[in-house]
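> Pasting in a structure now, in structure tokens, and then I'll have a few things to ask.
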Amino acid sequence: GAQLQLAVPVAVVFAPGSVPGDLPRPLPFRDVQEMEISVNLRAGITSRHQMLYRSTTAQEEAALGAATAREADAALRLLQDTSLGSLTLYVIPETSSLLPQGISIYVGKHRSALVRAGGGLAALRARLQQLTQVMSFTASSIAAALSDRVPDSQLGPDARRHLKSSLGYEITFSLLNPDPKSHAVDWDIEDAVSRYVQPVLDKLSLVANFSVDSQILYYAVLGVTPRFDKESSSFLLSAHSLPHVINPVEARLGSSAASLYPVLNFLLYVPERSHSPLYIQDKDGAPVSTNAFHSPRWGGIMIYNVEAPASPQASLPLHVDVDMVRVMEVFLAQLRLLFGLSREELPPEFLVESLGNEGLADWELDRLLWAHTVENIATVSTTLTSLAQLLDKIGNIVIKDDVASEVYRAVAAVQSAVAELATGHLHAAFQASKEAVTSSERAFFDPSLLHLLYFPDDQKFAIYIPLFLPMAVPILLSLAKIVREARQRKKDPTKMD
């Protein structure tokens, strides 16, 4: 089968006083570390870490003299290779005060990390390997990208949770107010989207096109009646009933069938007064701190309780101003989960820089691109294979030039994506893989092939014969009569009119 090579350019940069004593040769030198990624496919996948070991430049040394790791990270960013998919790992002396006590690895928000020296080369290599996997891809993240083609036994529990690679995504924020007589709810969704969601989508714009819209739905109720709990005098939804919550709401959300792209739904639900306050319980019956849950490849729901009025005579409807910061924190965390960007559990000696408003580190974007590029390549080869099998079955078919040229274009783009991956050019590889998807789909869904897809010859007969039958009966009867008369004439040649 085909071989996919994922090459990651990694610079390992030693600050003065951090060079291990057992380096095989003087700096600078290069070294390649290959690793087979076992994904049970016909195609083998190898990761190639193309390591360059070197010493810091004077500028880098100055940047590493910063007071904090965060300041060093910002200063180093201006000096390093910022191309997508590349990593720069700075090794600093064991005694350095840049990293807090007990922390030996600091992951910045761009494409670099700081690693405390210590032990010999073998110990350092093990640390670096762990780090490159966190910042680029692991066997499991690649297996998850190919989850539709890999046997379940090989996948982690979250593999099928993340969204499939697509050229675009539509995001809909909906406020559900089932009880407008009691609650007049206001939410400033436009402002919240521009402040919290847009910065993340701007970063992801390289991955796909995003469109965002919002709506308010009245009288929309959840599909499950919550259970009243006497002790806490509140209402509870248990984890196992959550899947049933979505169905009736789904019907009200508007049609996602009309959409070309996957739709992500984020729902804010303000429970009716008769079911307030409403809390979600996890599998063990403990309250869920965010009071929210998400559904893989679909979206998320957050329940937003309104405080009961102080005096029973308070006039209804109560005016409710939604705290959008609290809501958006939850929705952004769910968005990251849906894209498979949730942070994996890291050992305690790791410190990952907090992201602030961007919501996404550069290396996390790369992680997504590695996975989507591999997924796109697999998707295109599946599409083209099924197209070939289909045309093979149909036989005597004339393929239009534009279909043929889309197929050639898709094949060329896939080859280019594979070649760019092998040389460590992630950006170019991803763009080529996107072009390949576009071309292969154009070929597959070309109108000139569509009717062949849906109407092979035997089906045509099955469709048309019933239409002809009513006409056929008199024709066949008169044909029989003609035959009978002709035979009669043969037998009886002497008879004259």
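The values are calculated or read from the model by the stated rules, or taken from the named source; none is laboratory data. In this text the structure is predicted, and so the values were computed from the model without any measurement. Note that we place each Cβ from the backbone using ideal geometry, even for glycine, and neighbour counts take in every protein chain shown. Ligands, DNA and RNA are excluded from the accessible area calculation, which covers all protein heavy atoms including side chains. Shrake-Rupley method; radii C 1.70, N 1.55, O 1.52, S 1.80 Å.
> Cut-off under 24 Å on the C-alpha distance; same-chain residues fewer than 8 positions from K481 excluded. Which lysines are left, in chain and number order?
K490, K491, K495
> Using DSSP to define loop residues, name the trypsin sites (Lys or Arg not before Pro) in region 227-263 whose beta-carbon has at most 11 other beta-carbon atoms within 10 Å.
When the trypsin sites (Lys or Arg not before Pro) of region 227-263 are filtered for loop state and at most 11 Cβ neighbours within 10 Å, K230 remain.
> Which ³J(HN,Hα) values, rounded to whole Hz and listed in residue order, are derived for region 196-211 from phi using the Karplus coefficients 6.51, -1.76 and 1.60 in 6.51 cos²θ - 1.76 cosθ + 1.60 with θ = phi - 60°, glycine and proline given as x?
Once rounded to whole Hz, the list reads 10, 8, 4, x, 5, 5, 4, 5, 7, 5, 5, 6, 6, 8, 10, 10.
> Counting other C-beta atoms within 10 Å, and keeping those with at most 14, which DSSP coil chymotrypsin sites (Phe, Trp or Tyr not before Pro) do you find in region 343-404?
Those that pass, being in a loop and sparsely packed, number zero.
> What is the Cα centroid distance between region 252-303 and region 311-363, reported in whole angstrom?
When both Cα centres are located, 14 Å separates them.
> Let me ask something additional. Measure off, as a whole percent, the carbon and sulfur share of the 1.4 Å-probe accessible area of the chain, all protein chains present.
56
> In terms of Cα to Cα distance under 19 Å, which aspartates and glutamates are near enough to K393, apart from those fewer than 8 places away along the same chain?
Filter leaves D446, D457, D458.
> For Cα Rg over 2.2 N^0.38 Å, the listed values are (i) 1.35; (ii) 1.28; (iii) 1.40; which was obtained by calculation from the structure presented?
From the options (i) 1.35; (ii) 1.28; (iii) 1.40, the structure gives (i).
> Oh, and also: Would you please name the GluC sites (Glu not before Pro) within region 299-386 that are DSSP coil residues with at most 16 other C-beta atoms within 10 Å of their C-beta?
In loop regions of region 299-386 (DSSP not H, G, I, E or B), the sparsely surrounded GluC sites (Glu not before Pro) are E307, E344, E345, E349, E353.
> Can you spot the lysines whose alpha carbon is less than 30 Å from K230's alpha carbon? Ignore those fewer than 8 places along the same chain.
K181, K283
> By how many degrees, between 0 and 90 and to the nearest 10, does the Cα long axis of helix 121-135 differ from the longest principal axis of the chain?
That works out to roughly 50 degrees.
> Can I ask one more? Accessible area per residue for the chain in Å², computed with a 1.4 Å probe and the full protein assembly in place, what is it?
52
> Which whole-Hz ³J(HN,Hα) couplings does region 76-87 yield from phi under the Karplus relation 6.51 cos²θ - 1.76 cosθ + 1.60, θ = phi - 60°, glycine and proline marked x?
Result, rounded to whole Hz: 5, 4, 6, 9, 10, 5, 9, 5, 4, x, 8, 10.
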